[in-house]
Amino acid sequence: MASKSAVSLSVIRRLPRYYRYLGVLKKKGITRISSRELSERMGLTASQIRQDLNCFGGFGQQGYGYNVESLQEEIANILGLRNPVPTIQIGVGNLGKAIASHLDFSRSGFEMVGLFDSNPALVGKTVAGFEILADGELETFCAKHHPQTAFLCVPEKAAKELVKRLVDCGVRSFWNFSSYDLALYYDHVVVENVHLMDNLMTLRYQIQEAGITEESV
């Protein structure tokens, strides 16, 4: 089995898709599946699936394939989904409120412990069962609850100062919706950036390449 540091990020990014699809198979009552059958259902090659899973030990049996439930649990363990990370969210505006209210963080390996915002009109309100705290309370809160991850749903100009404060508080991982490229300044933290405009432009390119234009409608 390859060490974690030797596994490419592209392989890691495919694991949640395997996990999600195995859950679909479980709901359909499918108990085992071959790499070929899985590849046909997911639009990948059987070789790709075997290579990805072999990075962590394989888990399949020749002539039998994969046990769906066992494989999903193995992937959950690889991703750390059974050990939730204490997490806070900074920014509970329109985007932040939607994220806090509608995502099941526990299924992704996170435990939300606090919400913060700088807007006095939002402080004190309740979202997803949490009272929104003023961002001035960050240091006191972190000293008591020791969050490891922060979700940043703030503008770029606000992110720079916030990240410094959070890193000083011991936060070492970020789900970053701002345009602030904090990885340039903090090489010892883990960051997953979400650039919604980048995603939209990528979609627009694919629409163009597929010939889906007004003229073709």
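Which residues, taken from the range 114-127, are within 28 Å of ALA183 (Cβ to Cβ) and either more than 21 Å from the chain's Cα centre (by Cα) or at pLDDT below 95 (or both)?
Within the range 114-127, ASP117, SER118, ASN119 qualify.
ILE33 passes all but one of (1) over 27 Å from GLU192 (Cβ atoms); (2) among the aliphatic types (A, V, I, L, M); (3) at pLDDT 95 or above; which number fails?
The one condition ILE33 does not meet is (3).
Looking at the structure I just gave you, is GLU111 more than 25 Å from LEU81 (Cβ to Cβ), modelled with pLDDT of 95 or more and of a type in the set (Asp, Glu)?
It is false that GLU111 is more than 25 Å from LEU81 (Cβ to Cβ), modelled with pLDDT of 95 or more and of a type in the set (Asp, Glu).
Of the residues VAL191, VAL163, which single one is touching an Asp or Glu at 6+ places or on another chain (Cβ under 9 Å), assigned by TED's automatic domain parsing to the domain that holds ASN94 and surrounded by 14 or more Cβ atoms within 10 Å (Cβ to Cβ)?
VAL191
Does VAL7 satisfy the criteria of being of a type outside the set (D, E, K, R), surrounded by 14 or more Cβ atoms within 10 Å (Cβ to Cβ), over 30 Å from ALA128 (Cβ atoms) and within 16 Å of the chain's Cα centre (by Cα)?
The answer is no for VAL7.
Could you please give the count of residues in the range 172-190 that are in a loop (DSSP other than H, G, I, E, B), farther than 23 Å from ALA98 by Cα and among the hydrophobic types (A, V, I, L, M, F, W, C)?
Residues that pass the stated criteria total 1.
Scan the range 105-113 and tell me whether some residue there is touching a residue at least 12 places away in the same chain (Cβ under 8 Å), touching a Gly at 6+ places or on another chain (Cβ under 7 Å) and either among the small types (Gly, Ala, Ser) or not assigned by TED's automatic domain parsing to the domain that holds VAL171 (or both).
Taking every residue of the range 105-113 in turn, at least one turns out to be touching a residue at least 12 places away in the same chain (Cβ under 8 Å), touching a Gly at 6+ places or on another chain (Cβ under 7 Å) and either among the small types (Gly, Ala, Ser) or not assigned by TED's automatic domain parsing to the domain that holds VAL171 (or both).
Is one or more of the residues making up the range 138-158 in contact with a helix residue (DSSP H, G or I) (Cβ under 8 Å, 6 or more places away or on another chain), loosely packed, with under 14 Cβ neighbours inside 10 Å and either in contact (Cβ under 8 Å) with a residue 40 or more places away in the chain or assigned to a loop (DSSP other than H, G, I, E, B) (or both)?
no
Keeping to the range 80-98, report how many residues are surrounded by fewer than 16 Cβ atoms within 10 Å (Cβ to Cβ) and either in contact with a Cys (Cβ under 8 Å, 6 or more places away or on another chain) or farther than 26 Å from ALA143 by Cβ (or both).
5
In contact with a strand residue (DSSP E or B) (Cβ under 9 Å, 6 or more places away or on another chain) and among the charged types (D, E, K, R): which single residue out of GLU111, GLU74 fits that description?
GLU111
Suppose the filter is within 20 Å of the chain's Cα centre (by Cα), surrounded by 14 or more Cβ atoms within 10 Å (Cβ to Cβ), farther than 30 Å from ALA158 by Cα and in contact (Cβ under 8 Å) with a residue 12 or more places away in the chain; does LEU25 pass it? Before the answer, list the steps.
Numbers: within 20 Å of the chain's Cα centre (by Cα): no; surrounded by 14 or more Cβ atoms within 10 Å (Cβ to Cβ): yes; farther than 30 Å from ALA158 by Cα: yes; in contact (Cβ under 8 Å) with a residue 12 or more places away in the chain: yes.
When the stated conditions are applied, LEU25 does not pass them.
The values are calculated or read from the model by the stated rules, or taken from the named source; none is laboratory data. These numbers come from a predicted model, not from an experiment. Don't worry about glycine lacking a Cβ; one is built from the backbone with ideal geometry, like all the others, and counts go over all protein chains shown.
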